[in-house]
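The values are calculated or read from the model by the stated rules, or taken from the named source; none is laboratory data. Note that this is a predicted model, so its numbers are computed, not measured. In this analysis, Cβ positions are derived from the backbone assuming ideal geometry, glycine residues included, and neighbour counts consider all displayed protein chains. When the accessible area is computed, the model is the full protein with side chains, heavy atoms only, and any ligands, DNA or RNA have been set aside. Shrake-Rupley method; radii C 1.70, N 1.55, O 1.52, S 1.80 Å.
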Amino acid sequence: PESELEAHFEHTIERDQRVEPRDWVPEGYRKTMVRQIAQHAHSEIIGMQPEGNWITRAPSLRRKAILLAKVQDEAGHGLYLYSAAETLGTDRGELTEKLIAGGQKYSSIFNYPTLTFADVGVIGWLVDGAAICNQVPLCRSSYGPYARAMIRICKEESFHQRQGYELLMTMMRGTAQQREMVQEAVNRWWWPSLMMFGPPDADSPNTAQSMAWKVKRHTNDELRQRFVDMSVPQAEALGVVFPDPELRWNCEREHYDFGTPDWDEFKNVLKGNGPCNAQRVAHRRRAHEDGAWVREAAMAHAAKKEVPA
Ligand code: FAQ
């Protein structure tokens, strides 16, 4: 009976054990997990575009090889996450169709353009840095396949973050013009990076339930604060400043105070009106359509190999 299954589920959560694909889950939990995992998978796949933009124009063979490896890792993360979503009864094809029809979200951050090569470094440093900050606690998320995916993904993201920081250190040791490029890129990416953590807690409809189910382990504002605290000393070491006049150490709170992101801009990007939303989705749609023959060929091959019953 449902009440017994429900009690078992609640007990699993209470004892900090993992929910696995074989387990009964409430419909709301299943929906929440599919929503978050799909959004995360789409972010990895769409997230290949801004940096992919620089693969053919990387300044050296070494930088090109590094960038190519990073973007390939992101494809891997996406597929890994789609597989986690499949354990909940949805398939990758279905989720991709929803994404290209504009029916599912991906991270707001990937709707901003990459204007210079410094953006590659800043994405590694700040965007991957924010992703790690958000995802390390998700390694303890209650849904087993998602939590396990996060372990490997976080390891690779840490490498991505270091390559970004190393790239920026190199540029900061270069010419005045290169230093200016880094600062200019930081100015553009700082606020959108803070928005990656989601709306303020007071406007976050999903946090309370997701925390109760231990899908999320911290609120959006808690993680945003952690990210600011960790980034300020890194900016100082690098020699750049964040474009926030309100940013200062608060010795009572023992945290940095910081300004308010432009939440109207965030909402607008979520509505599809960011600088690159249309371009990102159109590119993804084109890639999906161009790949149709591969899917058909794979299906035909599988059908030929099928052993008759
Ligand atoms: N962008 O109630 P909440 C990466 C939506 S890292 C777009 O607070 P929740 C690595 C939210 O879905 C990026 N939408 O929601 C990489 C909800 O809408 P819905 C991916 C956002 O779920 C680096 C509504 O607003 N990481 O890809 C955003 O409790 C470099 C209300 O929000 C993840 O997905 C946003 N920034 O908390 C790749 C991490 N924020 O669904 C390439 C996993 C919120 O009700 C290059 N996800 N929304 O229609 C999470 O931790 C959570 O889902 C949050 C949002 C924290 C993002």
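Structural remarks
- Choice from A298, A58, A101 showing the highest fluctuation, given a GNM over the chain with Cα pairs closer than 10 Å: A298
- Share of pairwise Cα separations in the stretch 60-158, more than 17 Å, in percent: 61 percent
- The chymotrypsin sites (Phe, Trp or Tyr not before Pro) found in the stretch 1-85 that occupy coil by DSSP, while having at most 14 further C-beta atoms within 10 Å, are W24.
- Of the trypsin sites (Lys or Arg not before Pro) in the stretch 16-113, those whose Cβ has at most 11 other Cβ within 10 Å and which sit in DSSP loop: R22
- FRET efficiency estimate (nearest 0.05) - Cβ-Cβ, R57 to E4, R0 51 angstrom: 0.25
- The apolar share of the surface of the stretch 247-309, taken as the fraction of accessible area on carbon and sulfur atoms (1.4 Å probe, ligands and nucleic acids excluded), comes to 55 percent.
- Taking each residue as 0.36 nm, the span from T170 to V307 lengthens on full extension beyond its C-alpha to C-alpha distance by 43.6 nm.
- Pairwise label distance in nanometres, Q209 with E254, each label 7 Å out on the Cα-Cβ vector: 3.6 nm
- Fraction of C-alpha pairs exceeding 24 angstrom in the stretch 1-130: 44 percent, rounded to a whole number.
- Cα-only Debye scattering, the stretch 197-309: base-10 log of I(q)/I(0) at q = 0.16, 0.22 Å⁻¹: -0.96, -1.21
- For the chain, Kirkwood radius (reciprocal of mean inverse C-alpha pair distance, Å): 20.9 Å
- Sites W263 and R286, calculated FRET efficiency, Cβ-Cβ separation with R0 25 Å, nearest 0.05: 0.20
- At 1.567 mPa s and 4 °C, Stokes diffusion of the stretch 235-295 via Kirkwood alpha-carbon radius, µm² per second: 83 µm²/s
- Cα-based Kirkwood hydrodynamic radius, the stretch 149-226, one decimal, Å: 15.1 Å
- Rg and Dmax over the alpha-carbon atoms of the stretch 85-243 stand at 17.2, 54 Å.
- Non-local lysine pairs in the chain, meaning eight or more places apart or on different chains, with alpha-carbon distances under 22 Å, amount to 16.
- In this structure the stretch 1-50 gives 53 Å² per residue of accessible area when probed at 1.4 Å with all protein chains present.
- Surface composition of the stretch 1-45: carbon plus sulfur atoms hold 48% of the accessible area, using a 1.4 angstrom probe and ignoring ligands, DNA and RNA.
- Per residue accessible area in Å² of the stretch 59-216, where ligands, DNA and RNA are left out and the probe is 1.4 Å: 41 Å²
- In the stretch 193-241, the ratio of gyration radius to Kirkwood radius, Rg to Rh, stands at 1.12 when only Cα atoms are counted.
- Pairwise FRET efficiency - E222 versus T87, Cβ, R0 = 25 Å, nearest 0.05: 0.30
- Per residue, the chain reaches -20000 deg cm²/dmol at 222 nm when only DSSP H runs of four or more residues are counted, each adding -39500 (n - 2.57).
- When the solvent-accessible area of the stretch 46-100 is split by element, carbon and sulfur atoms take up 58 percent of it, the probe being 1.4 Å.
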